[in-house]
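Here the structure comes first, spelled out in structure tokens, and everything after it is commentary.
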Amino acid sequence: MEYKNLSVDELQAQLQQVEQNKVDLEKALYQRWHEAKAELAHEIREMIDSRGYDTEEILELVAPKRKRAGGGAKKGNRSYTRYVDPENPSNVYVRGVLPKWMKEKMTAQGYDPSVKDDREAFKANYLQAMKD
């Protein structure tokens, strides 16, 4: 596409479309990655079962329980929502202390980061929620 003949508004619209496509692609990649991980887990379970072993017994050999229960956004059966900034997908908030980028965006939009209702409204209106 020839960009020289486009107006500033047209160029900005093109750039916004590219940014939205990037966000959509990153969401699709994230989703596909989780699907592939689930498929791999299923294949491994089938392989263990087909050889007559107990899945937990084999998992204990691969990763001791102490390591399997470790960090990340999941503990046990809990799963936390990830909130992604659509303007910058590298900005992610899961839970806990609000990151600086989120506080700054909340303040710029007229929200008070110290008020729970404002935090919830900001997440609902300005961030993209992604479930693990």
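Checking the structure you have, find out if any residue of region 94-111 is modelled with pLDDT of 90 or more, of a type in the set (D, E), surrounded by fewer than 13 Cβ atoms within 10 Å (Cβ to Cβ) and at negative phi. Yes, because at least one residue in region 94-111 is modelled with pLDDT of 90 or more, of a type in the set (D, E), surrounded by fewer than 13 Cβ atoms within 10 Å (Cβ to Cβ) and at negative phi. Taken over region 76-114, the criterion of being among the aromatic types (F, W, Y) and under 17 Å from the mean Cα position of the chain (by Cα) is satisfied by Y80, Y83, Y93, W101. Within region 24-35, residues that are more than 15 Å from K131 (Cβ to Cβ) reach partners that are modelled with pLDDT under 90 and of a type outside the set (D, E) with beta carbons closer than 7 Å, at six or more positions or on different chains, in the pairs E26/P89.
Could you tell me whether Y30 is outside any helix (DSSP H, G or I) and either of a type in the set (S, T, Y) or in contact with a Lys or Arg (Cβ under 7 Å, 6 or more places away or on another chain) (or both)? No.
Answer with yes or no whether K37 is modelled with pLDDT of 90 or more and in a helix (DSSP H, G or I). In short, yes. Scanning region 1-23 for residues that are part of a helix (DSSP H, G or I) and at pLDDT below 90 yields a count of 1.
Scanning region 1-23 for residues that are within 18 Å of Q128 (Cβ to Cβ) and either of a type outside the set (D, E, K, R) or free of Cβ contacts under 8 Å to residues at least 60 places away in the same chain (or both) turns up Q16, Q17, V18, Q20, N21, V23. Show the residue pairs that are 6+ apart or on different chains and have beta-carbon atoms under 6 Å apart, the first residue being within region 111-127 and acidic (D, E), the second being surrounded by 14 or more Cβ atoms within 10 Å (Cβ to Cβ). From residues that are acidic (D, E), the pairs are D112/D118; D118/Y111. Total residues in region 46-58 satisfying the condition of being hydrophobic (A, V, I, L, M, F, W, C) and in contact with a helix residue (DSSP H, G or I) (Cβ under 7 Å, 6 or more places away or on another chain): the figure is 2. Just checking, does region 58-70 include any residue being at pLDDT below 90, more than 26 Å from E35 (Cβ to Cβ) and of a type in the set (A, V, I, L, M)? So far as region 58-70 goes, yes, one or more of its residues are at pLDDT below 90, more than 26 Å from E35 (Cβ to Cβ) and of a type in the set (A, V, I, L, M).
The values are calculated or read from the model by the stated rules, or taken from the named source; none is laboratory data. Treat the numbers as computed from the prediction; the structure is a model and nothing was measured. Neighbour counts run over all protein chains shown; Cβ positions are idealised from the backbone, glycine included.
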